[in-house]
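Worksheet: the structure to be examined is printed underneath.
The values are calculated or read from the model by the stated rules, or taken from the named source; none is laboratory data. Since the structure is predicted, the reported quantities are computational estimates derived from the model, not experimental observations. Cβ coordinates were reconstructed from backbone atoms using ideal geometry, including for glycine residues, and neighbour counts include every protein chain displayed. Keep in mind that these areas ignore ligands, DNA and RNA; they rest on the heavy atoms of the full protein, side chains included. Shrake-Rupley method; radii C 1.70, N 1.55, O 1.52, S 1.80 Å.
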Amino acid sequence: MKQLIDRIDHIVLTVTDIEVTTQYYEKVFGFEREFFKGPEGQPRYALRFGHLKINLQDRDTETPTKARVPTIGSGDFCLIASVPLDEFIEHLNKNEIPIDVGPVPRRGALGPIRSVYLRDPDGNLVEVAEYF
């Protein structure tokens, strides 16, 4: 079958507190916050980085397109660092952001990677990696 999908555009995280999560991702990853209106004019929030974004919602977010069982802390995704991983680790240490695991070798979509794993304020697992 012909490949029908080109790439991921965005993911959605359900979080306890949108502001706390936004501040964390700004500090740790340098993401930019975005406010936008949902399909019915409701307020929505996102974190932008490069050509991608993470939309944020809490349990009370009203939108017609929402996961059937939005669950806080169930996210698990990998980000590719735009700087050498050792430089990112130095940034984490300087800002007293704990690393759960790593650096460790793993396998990414394009081949071997070296990764560290962190937990955001809701316990979502965020892997940050570099290809080698």
If each K or R counts +1 and each D or E counts -1, the residues other than Phe49 whose Cβ falls under 12 Å of its Cβ total 0
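With r defined as the distance between the Cβ atoms of Leu125 and Lys37 and R0 fixed at 30 Å, what FRET efficiency is calculated, to the nearest 0.05?
Values: r = 30 Å, r/R0 = 1.00.
Between Leu125 and Lys37 the formula returns 0.50.
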First check a/c for the stretch 1-120, with a ≥ b ≥ c the square roots of the eigenvalues of its C-alpha gyration tensor; if it is under 1.5, answer rounded, and if not, answer prolate when a/b is larger than b/c or oblate otherwise. oblate
Note down the accessible area of Tyr45, probe 1.4 Å, to the nearest 10 Å². 90 Å²
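Working with all protein chains in place, sort Glu87, Glu130 by solvent-accessible area computed with a 1.4 Å probe, largest first.
From most accessible down to least: Glu87, Glu130.
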Diffing the stretch 80-91: the Karplus 3J(HN,Hα) column from phi (6.51, -1.76, 1.60, θ = phi - 60°), in whole Hz with x for Gly and Pro, holds 9, 5, 8, 10, x, 4, 4, 5, 5, 4, 4, 4
Please report the net charge: other residues with Cβ closer than 11 Å to the Cβ of Gly73, K and R +1, D and E -1. -2
With every protein chain in place, the accessible area of Ile80 for a 1.4 Å probe, in Å² rounded to the nearest 10, comes to 90 Å²
Residue-span extension gain [Ile8 to Phe77] - 0.36 nm each, minus C-alpha spacing: 23.7 nm
Lys pairs in the chain, Cα-Cα under 24 Å, at least 8 apart or on separate chains: how many? 5
Under the rule a/c < 1.5 gives rounded, and otherwise a/b versus b/c splits prolate from oblate, where does the stretch 89-132 land using the Cα gyration tensor? oblate
What ranking of His10, His51 comes out by heavy-atom accessible area, probe 1.4 Å, highest first? His51, His10
Kindly report, to the nearest 10 Å², the accessible surface of Phe29 as traced by a 1.4 Å probe over protein heavy atoms only. 40 Å²
Tell me, what is the FRET efficiency for Arg59 and Phe132 to the nearest 0.05, using R0 = 35 angstrom and their Cβ-Cβ distance as r? 0.30
Just reorder Arg68, Arg106 by solvent-accessible area, largest first, 1.4 Å probe, all chains present. Arg68, Arg106
Among Phe88, Phe132, Gln42, whose Cα projects farthest towards the positive end of the dipole of the chain, with charges put on the beta-carbon of Lys, Arg (+1) and Asp, Glu (-1)? Phe132
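So which GluC sites (Glu not before Pro) in the stretch 1-69 pass both tests, a DSSP loop state and at most 11 other Cβ atoms within 10 Å of the Cβ?
Values: sites: Glu19, Glu26, Glu32, Glu34, Glu40, Glu62; in loops: Glu40, Glu62.
Those that pass, being in a loop and sparsely packed, are Glu40, Glu62.
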With a cut-off of 8 Å between alpha carbons and a minimum separation of six or more residues, what is the relative contact order of the chain in percent? 23 percent
